Every structure is written in C-alpha cells, then in structure tokens.
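Some notes on the structure that comes next.
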C-alpha cells in the first residue's frame, strides 16, 4: 500500500476516520508542535532521582502532596549556572518547559532554572498560609469544641509502630486503664501522608463511637512535618464534627494543624494526658471530696447541737413553769387593776348620780310644794296662772305638798295693773 500524499491526509484530528487515518508520525509531530508551544512555568516538587552524567542532570520530580511525577532534564549549560547540585530528597522549584520526543512518544520537562527551597522560604510560605486561613476564621476559638471528660472511644491517627503511637497508648492506659482506642496507621511524612491522614480522619469522624480524634507524630525536620500544614488537611480538620487533638512533634514544633485543632498538645505524651483523666488523681479527688463532705456534715451537726444546747439552757425551756407563773402574775396584776378601775368608775358614777339627784330635788316642784306652795289647775288639768283664766263658780283642783283638793271659785281678785 502506497503512502498517501500530504494533500490527501485529513487536516485535523477531528477529520480522521478508520478509512482515512493519520500516520502515527503525523500525530507525534503535531503533538510535539502543540506541547512545545506551551509557555514556561515554575513548578515545585521533591527530587526522587538525580543522575548526573556528562554534566547533564536527569531528575525525577514528584509533587509534594500527590503521587504525580515528571522526568526533568537539566542540560549542562544550565547546570553550570546553578549554585547547588540537585540531591535526592531536596525540595526545589524549577522553571520548566514541556518537551515531547516524537520518536518514542516520551513527554518530559526541560529545566532552565532550578532553585532549592530553603527553610526560610518554607517558613514564609507557611506563615502566609497561616495568616490567610486565620483571616477566614478557621482558627476562631468560638468554633473549637470541648473535649469530653471521659471519652468512650478515642480515634488515633499515627504512623505504624511509631513512638508516637506507643506514647499515646501507654500513657493513656496508665492514666485510665479502661480507655479504648481505634487506631488507624497512616504515612506521617512524604507525598502520601496528606491523603492518608484525610481518609483516616473522615473514617473516624463518621464512627459514632469515636468521641475524640488524636493526630499524633513524633518530632522531625520542618520538611517532614509539612503534611500537617497542608491546606486540604487543615480544612478537613476544621470541618470535622468530632473534636480533634493535634499532637505533632515537640513543644517547639507548631504546624498549622495545631492552630485549627480543637486542642493542641505539645507532644503525643501530653495528648494522652489531656484526653483522659488520671484514675489515681480522680480517686484522690473523690477521697478529698468525701473528707470535705464528712467535715462539713460533722461541723453542721456540732453547730446544730450547740444551738439546741443553747436553746435548752434558756429559762423558758429549762423551767417552762416560770413563763406560766410570770404570765399568771401579770394576769393577777391586770385583774386587780381592772377591778380598781371599775370600782373607781362605779364610785364616780354613784357620786355623779347623787349630785344629779340633789339637783333634781332642788328643782323639783315637789320641793316648792314642801315649802308651802300649791299648784292650782283647771278641770282639764291646765295650770292656772292668771285669774283671768277662770270664772266664778268654776271648779279648781289644788295640789299641795301632800295630796290634792278641789275648790269652787267664789270671787276673783285680778292683779293690780
């Protein structure tokens, strides 16, 4: 089969078909043109391989947080301008451009600059991330949850057979022998650490029996602790509904995880002391509380007994008859006083009555009659005061001091004018 002329080939990949395909070399050539037209880009990663031959460096650069890697070639002209030689394990930033080897279909990167990421640069990046997350409110104390006093089950995320795991389990069991753990072992450094820790955190957060989660790791270099300052992990901890304790490294180590966690423990051993109470201290506290309660009850009983004794010593309770006698004396005194007052009042009333009787007697008509006067009345009982009020032969009734008599008028003597 004779090869087709270029004019007979489809112009674009979309125009190809099973009956009218492209030769493989044409696809390779077009891919090479497209890829190598890409602009330069700065990328960051960790060197897994570093082979230097004939002045050229053939590197394998891997993402620091994911399982992605690329081959990177640094030509000798660029190598001569570098301040340091690339070494396995170092973290670098590189200015790269994609390169496609059409003959084998191999994609790689060509680096025109390669710079190691120093400790100062890492710290500066972490501080910028810490400030950005803090401005979003991820470190707000109001969002932090309180740890249960005695959790039923504790979730532990740590490295397999690590000293951090042993410290947490041993010290927690020493403080509270009945403590229960659900341990998930993960990578605690390297590119797989972030994804594994996030997966373990989600699994424990969904377990209803787990009441607190501890993320623990021993000390190490700043680069080893970088996974615990990863933004994805920090946000996952912030979103967790279960309280999270950060126990990373030593006292001086402070990854961003410490700021977002509900509780920061300085070491894994300190985390064990913070998540469960000390049984010995609790027993001692109970004993002290019991002693204080006994003292309080005894003091109360003694105080009330003293009050009762004081009450019983009062005269009114020691000899209740005294109160009756004193009231009887008061009653007799009031009775005598009432009797005297009544007698005095009766005497005064009797004197007033005698006086009134004497006055009545002095003013009584009978008294006038007793002195020799009389009262003359007409037949109808009207008192006769003027002779003009009667006629001769009229019948009169005359009342004297003792008795009455009747008389007939024989003669009238009017008073002189």
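Read-outs throughout are calculated quantities, based only on the coordinates presented, and are distinct from any laboratory measurement. Not measured: the values here are computed from a predicted model. Here the Cβ positions follow ideal geometry from the backbone for every residue, glycine too, while neighbour counts run over all protein chains shown.
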**OP:** For residue 17 paired with residue 282, estimate the spin-label separation in nm (one decimal), with each label point 7 Å from Cα along the Cα-to-Cβ line.
**Re:** 8.0 nm
Original post:
Could you give the angle, 0 to 90 degrees to the nearest 10, between helix 119-136's Cα long axis and the longest principal axis of the Cα atoms of the chain?
Top reply: 40 degrees
**OP:** Take the alpha carbon gyration tensor of region 313-417, find the square roots of its eigenvalues, order them as a ≥ b ≥ c, and report rounded if a/c is under 1.5; if not, report prolate when a/b exceeds b/c, else oblate.
**Re:** prolate
Original post:
Modelled label-to-label distance, residue 362 and residue 232, 7 Å Cα→beta-carbon offset: nm?
Top reply: 13.4 nm
Subject >> Estimated FRET transfer efficiency when R0 is 51 angstrom, pair residue 322-residue 369 (beta carbons, to 0.05) >> reply: 0.15
**OP:** Quick one: work out the % antiparallel among DSSP beta bridges in the chain, nearest 5.
**Re:** 65 percent
Original post:
Against the longest alpha carbon principal axis of the chain, how many degrees, from 0 to 90 and to the nearest 10, is the axis of helix 320-363 turned?
Top reply: 40 degrees
Subject >> the chain - mean residue ellipticity at 222 nm from DSSP helices (-39,500 (n - 2.57) per run, n ≥ 4, rounded to 500) >> reply: -13500 deg cm²/dmol
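For a test of the definition: using alpha carbon positions, the gyration tensor, and the 1.5 limit on a/c, classify region 108-262 as rounded, prolate or oblate.
Here region 108-262 falls in the prolate category.
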Original post:
Using the alpha-carbon atoms, what tilt in degrees (0 to 90, nearest 10) does helix 163-175 show relative to the longest principal axis of the chain?
Top reply: 30 degrees
Subject >> For region 111-170: rounded, prolate or oblate by the Cα gyration tensor [a/c cutoff 1.5] >> reply: oblate
Original post:
Spin-label point model (7 Å from Cα, Cβ direction): what's the residue 351 to residue 143 distance in nm?
Top reply: 10.4 nm
